[in-house]
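See structure below.
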Amino acid sequence: MNSTFTEPILDWYDANARDLPWRAADATPWGVLVSEIMLQQTPVSRVLPVWREWMARWPTPAALAAEPSGEAVRAWGRLGYPRRALRLHESARAITERHGGEVPSSHEELLALPGIGSYTAAAVASFAFRQRHAVLDTNVRRVLSRLVGGVEYPPKSQTRAEVRVAEDLLPLDPPTAARWAVAVMELGALVCTARSPRCVDCPVLDQCAWHLNGRPAYDGPPRRGQTYAGTDRQCRGRILAVLREADGPVEKPALDIVWSDAVQRERALDALIADGLVDPLQDGRYALPA
């Protein structure tokens, strides 16, 4: 695909990129991996303080691997989707055991780590090791959907056609391709946003198929926002908060008090136990995993 998008977007990124610690010249591959796991479904503003605390406490995979998995869950705080903390702990152990404590640079070896999917493997290979991979997160998919496809939003699930478009747009030079990957992501985060795109600030507005088509309204399947209040997810979060803040195992009444609906509360607790986020002890108390 002939792309005249590359230079304008790279120039825009050089002038507008946020100063984030995992993008710094001294950022380690481990720091990049931690950031990518934390940033899944979580905004940068919430991730930054937790990432800094995490990296200060566990600057290497081996440092995290030496601690119980429950400490990872505790340090995860209120980032949400706490199974990500368990996956990071599992990855830290695998990196320590299989790769001498160094995050592997190979895309295949990254993909083989516990809990690391195709997006995260491509992102770490690109951002930490300056390799050439198509990195397709929500922001990138939205930018390419509008810029190339002329559609306001991409399909709910990633398609092969999207991957082909992303691969065709990759610059041939690997370091440039890595910069392009993060530049398109940043454009989607700051300008080509989901609800109120700032098209006037877009460096490739004159080439955007969606804009040139008159910005047609989305006519695909309904896009439902995620609810939180009153959900099992909120209930699980409250139970975990009690365990994170406790110095040791807690009695069952300390968990019962955080949620009035007993049926929903027990369902949420069972789910936390099934996910490995809570340990039910033989004496009837509950704790973070050892």
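The values are calculated or read from the model by the stated rules, or taken from the named source; none is laboratory data. Remember, predicted model here, so these are calculated numbers, not experimental data. As a convention, Cβ positions derive from the backbone with ideal geometry for all residues, glycine included, and neighbour counts pool all protein chains shown. Ligands, DNA and RNA are stripped out before the accessible areas are found, and what is left, the full protein with its side chains, is counted by its heavy atoms. Shrake-Rupley method; radii C 1.70, N 1.55, O 1.52, S 1.80 Å.
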*Looking only at chymotrypsin sites (Phe, Trp or Tyr not before Pro) in DSSP loops with at most 15 other Cβ atoms within 10 Å, what is the longest site-free stretch of the chain?*
1-217
*asked:* Expected output is a single nm value to one decimal: the length gained when fully extending between Arg195 and Lys156, i.e. 0.36 nm times separation in residues minus the C-alpha distance. What is it?
replied: 12.5 nm
*For Asp279, which sequence-distant residues (separation of 5 or more, or a different chain) have an amide H within less than 5 Å of its own amide H, given hydrogens modelled in the peptide plane?*
Ala287, Leu288
*For the chain, give the percent of accessible area contributed by carbon and sulfur heavy atoms, probe 1.4 Å, rounded to a whole number.*
51
*For region 103-124, list residues with backbone N below 19 Å from a point placed 7 Å from the Cα of Asp275 toward its Cβ?*
114-117
*asked:* Can you classify region 136-210 as rounded, prolate or oblate using the Cα gyration tensor, where a ≥ b ≥ c are the square roots of its eigenvalues, rounded means a/c under 1.5, and otherwise it's prolate if a/b beats b/c and oblate if not?
replied: oblate
*What order do Ile9, Ile273, Ile257 take when sorted by accessible area (1.4 Å probe), most exposed first?*
Ile257, Ile273, Ile9
*For region 1-126, what does the alpha-carbon gyration tensor say about shape, rounded, prolate or oblate, given a ≥ b ≥ c as the root eigenvalues, a/c under 1.5 as rounded, and a/b over b/c as prolate?*
prolate
*List, in order, the whole-Hz ³J(HN,Hα) value for each residue of region 246-257 obtained from phi through the Karplus relation with A = 6.51, B = -1.76, C = 1.60 and θ = phi - 60°; use x for Gly and Pro.*
7, 7, x, x, 10, 6, 4, x, 5, 8, 4, 6
_I'd like to check one number: the per residue accessible area of the chain, probe 1.4 Å, reported in Å² as a whole number._
50
*Going 7 Å from the Cα of Leu48 toward and past its Cβ, which residues in region 4-29 have a backbone nitrogen under 14 Å from where you end up?*
17-24
*With a/c under 1.5 counting as rounded, go ahead and sort region 115-179 into rounded, prolate or oblate using the C-alpha gyration tensor (a ≥ b ≥ c being the square roots of the eigenvalues; past the cut-off, prolate if a/b is larger than b/c, else oblate).*
oblate
*Pick out which of Ala178, Ala254, Ala75 has the largest mean-square fluctuation in a Gaussian network model of the chain, springs linking Cα atoms closer than 10 Å.*
Ala254
*Would you tell me the accessible area of Arg215, worked out with a 1.4 angstrom probe on the heavy atoms of the protein chains, in Å² to the nearest 10?*
100
*Quick one, which of [x] 1.11; [y] 0.99; [z] 1.05 is the actual Cα Rg over 2.2 N^0.38 Å calculated for this model?*
[x]
